[in-house]
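Working notes, beginning with the structure itself.
The values are calculated or read from the model by the stated rules, or taken from the named source; none is laboratory data. For clarity, every value in this text was computed on a predicted model and none was experimentally measured. As a convention, Cβ positions derive from the backbone with ideal geometry for all residues, glycine included, and neighbour counts pool all protein chains shown.
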Amino acid sequence: MLRQFVKYHGAGNDFIIFSGRPDGLDIFMRSYLCDRRTGIGADGLIFVENSNDGIVDFIVHFYNSDGKLGPLCGNGSRCAISHAQKENFFFNGNCDFIASDGTHQGEILPNGLISVNFRSSFKAVNIDSGYFINTGSPHYVEIVKSIDDDAIMDLAPAKRRSVNEPIGCNVNYVEIEESQKIRMRTFEKGVESETYSCGTGAVAVALVLNQFNDLQPPLSLVSNGGVLIVDFLASADGYEKIILTGPVVKVYSGEWNI
């Protein structure tokens with residue numbers, strides 16, 4: 001059976017998106033689709049299911065490129081919002097949808113930008129030489145002198161396993177330049193490689209830099225794939241009204257014989 005898909009990327013973080021439920025694709029096929037040599041190739045696989053309950057507009061099912069069900073994906077959610085609008089799952093610039101951690105709101109902005117609201121987050125805690133925080137996905141954040149040093153990324157796989165055992169986490173390295181430009185790199189759990197950007201990682205970095213470096217929102221985070229903007233309000237227990245904004249691009253569409 002031929003099934004149509006669309007390839008998107010959000011600041012270089014790329015996804016294969018199918019409309020409907022994730023039926024008929026087991027973990028091996030999901031991983032195969034994401035393989036960059038033998039499949040379509042992507043950091044993740046997303047199914048956007050139309051909702052008819054009158055409460056939310058659609059449901060997002062996200063899988064990492066290893067084929068396993070993943071937690072919240074910030075850039076994936078932004079891509080799913082764009083796809084859902086094109087599929088007429090909602091008819092204006094605002095939407096409500098369900099992801100793995102609950103209900104979220106999305107907004108279509110001018111110039112190809114899309115925003116998604118995050119659920120409230122507790123403050124980060126010190127661990128090893130960095131910080132741990134959960135922004136819908138678990139993240140480790142470490143501030144370094146230079147993210148251009150590839151030696152730091154060689155340490156990421158071990159850190160990804162040792163922090164937040166036994167589940168593990170994503171690993172982010174961040175550099176604050178003299179101009180206050182914030183640059184970051186992310187090694188993603190489930191992809192098991194560095195990605196061009198990470199939405200939940202950008203949120204994690206922004207919250208950590210506010211908590212420990214007193215940098216005020218909104219913060220712009222520069223990754224290899226582009227710029228993500230994070231806005232939020234600090235509270236006594238953590239952070240609320242968190243919004244991730246960035247570009248979304250439709251790359252191409254096709255069909256796959258399932």
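Yes or no, residue by residue, for (1) among the hydrophobic types (A, V, I, L, M, F, W, C); (2) modelled with pLDDT under 95; (3) surrounded by fewer than 18 Cβ atoms within 10 Å (Cβ to Cβ); (4) under 26 Å from Asn134 (Cβ atoms):
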residue	(1), (2), (3), (4)
Ile55	yes, yes, yes, yes
Arg78	no, no, no, yes
Ile81	yes, no, no, yes
Glu87	no, no, yes, no
Asp96	no, no, yes, yes
Leu109	yes, no, yes, no
Select from region 187-216 the residues that are surrounded by 19 or more Cβ atoms within 10 Å (Cβ to Cβ) and in a loop (DSSP other than H, G, I, E, B) and list them in ascending order. Lys189, Gly190, Val191, Ser197, Cys198
Condition test on Asn94, is it more than 18 Å from Glu188 (Cα to Cα) and either out of contact with any Phe, Trp or Tyr (no Cβ under 8 Å at 6 or more places or on another chain) or in contact (Cβ under 8 Å) with a residue 60 or more places away in the chain (or both)? yes
Can Phe232 be described as assigned to a helix (DSSP H, G or I) and among the aromatic types (Phe, Trp, Tyr)? no
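Conditions (1) within 18 Å of Gln105 (Cβ to Cβ); (2) touching a helix residue (DSSP H, G or I) at 6+ places or on another chain (Cβ under 7 Å); (3) hydrophobic (A, V, I, L, M, F, W, C), marked per residue:
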| position | (1), (2), (3) |
| --- | --- |
| Gly190 | no, no, no |
| Thr195 | no, no, no |
| Thr200 | yes, yes, no |
| Leu207 | no, no, yes |
| Leu221 | no, yes, yes |
| Asp231 | yes, no, no |
| Asp237 | no, no, no |
| Tyr252 | no, no, no |
Criterion (surrounded by fewer than 24 Cβ atoms within 10 Å (Cβ to Cβ) and part of a helix (DSSP H, G or I)) met by exactly one of Asp148, Asp154: Asp154
